[in-house]
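First comes the structure, then the notes that go with it.
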Amino acid sequence: MISSATLLVPILLSSLVSAHGWLNSVNIGSQSFQGNVPNASPAGSIIRQINDVDPVKGSNNPYLACGQNAQLATKVAEAQPGDQVSFFWVNGEKGPWVHNTGPMQTYMAACTGVDSCSSFDASNADWFKIQEQGRISPGGAWTMSLMNSGAPSNVTIPQNIAPGNYLIRHELIALQIAQTQGGAEFYPSCTQVKIGGSGTGAPTNDELVKLPGAYKDTDPGILVDVFSNPNADYIFPGPPVAAFVNGSSSASTSTSTSGAASSSASGTSGSPSKMCKKKKRAVVVDQVAPGHEESYSMIILRIVVNHSRSTTRQTWNVSLTTSVS
Ligand SMILES: [Cu+2]
């Protein structure tokens with residue numbers, strides 16, 4: 001019996017490799033752009049390559065700007081105001097994104113002082129927010145969970161944005177262990193675009209932030225137990241959505257709702273029952289095995305301990321379901 005416990009360990013370890021992940025591709029309008037596998041020898045891309053699928057931890061981490069050790073990308077996509085941008089995130093084994101708990105936010109920054117974003121240092125960026133996505137409905141699943149079935153996260157380039165070179169920073173914040181300070185997992189990414197058109201929209205100076213800089217580890221949306229009170233309003237970290245994005249200065253308070261609505265429409269291709277099934281499994285992963293390496297080894301320990309106490313077969317089944325799903 002002890003030998004079967006030992007056999008389980010490789011299964012558990014291989015399942016944690018597939019947690020975390022990166023931004024694998026981006027669609028802009030009708031164009032599609034591939035990203036580079038973290039740490040692989042890079043091909044030309046508009047997506048800045050990172051070197052590690054693990055999350056950025058700590059709100060003062062310099063990698064909060066564009067992801068783990070993000071490198072300049074060689075290409076820039078031509079885009080237009082009003083284009084839909086779709087972000088396709090994958091796990092460490094290129095399967096669907098696994099986390100389902102926490103917000104997604106999109107920022108942009110003008111690549112100032114350079115001819116192209118392919119030579120722009122993101123630590124100089126002045127970021128403004130263009131989208132916040134929380135739960136699909138109060139107390140319900142998070143918009144992030146729609147990506148567990150392979151759907152992208154979508155954002156619209158502001159209709160009236162002034163032309164120029166911009167970084168688009170799409171960020172996932174996984175909150176499954178965020179009840180502990182430092183537990184929040186940040187997954188930022190940067191995509192390089194050149195926007196055409198003749199718009200005049202721009203953020204105001206007080207809507208611009210630095211990243212890192214705009215977040216604190218104790219922010220109510222970063223140090224938060226989202227499980228104990230799911231109906232509580234989620235307080236997004238960082239600045240509000242820039243007022244020009246919705247064409248009026250009073251619109252910023254309604255953006256979280258409109259953002260969630262637009263993306264929930266994008267992820268409903270499967271049959272309803274299939275979606276529910278997948279969501280249920282994913283919820284189990286994040287709630288029962290929240291902390292990746294740390295908690296997986298805890299589970300292994302618990303299995304071994306439980307096992308030596310000759311607990312029932314039922315306990316075994318529960319543990320197995322958790323680790324494999
Ligand atoms: Cu992860």
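Computed quantities for the displayed model
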item: Mean Cα-pair separation over length for the stretch 21-270, i.e. relative contact order, pairs under 8 Å, 6 or more apart, %; result: 23 percent
item: Exposure proxy order (Cβ contacts within 10 Å, fewest to most) of Val224, Val114, Val241; result: Val114, Val224, Val241
item: Formal net charge of residues neighbouring Asn36 (Cβ-Cβ distance under 14 Å; K, R +1; D, E -1); result: +2
item: Cβ-based exposure ranking for Tyr234, Tyr187, in which fewest neighbours within 10 Å come first; result: Tyr234, Tyr187
item: Inter-label distance, nm, simple model (7 Å from Cα along the C-beta direction), Ser228/Thr74; result: 5.1 nm
item: Three-way shape call for the stretch 21-270 based on the alpha-carbon gyration tensor, with the a/c threshold at 1.5; result: rounded
item: For Tyr166, Tyr107, order by how many other beta-carbon atoms lie within 10 Å, fewest first; result: Tyr166, Tyr107
item: Residues Asp217 and Lys194, FRET efficiency given R0 of 25 Å [Cβ-Cβ distance, rounded to 0.05]; result: 0.10
item: Relative contact order (%) - the stretch 50-128, alpha-carbon pairs under 8 angstrom, separation at least six; result: 29 percent
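Just so you know, all these numbers are worked out from the coordinates, no wet-lab data involved. Since this is a predicted model, take the numbers as computed values, not measurements. Note that each Cβ is placed from the backbone with ideal geometry, even for glycine, and that neighbours are counted across all protein chains shown.
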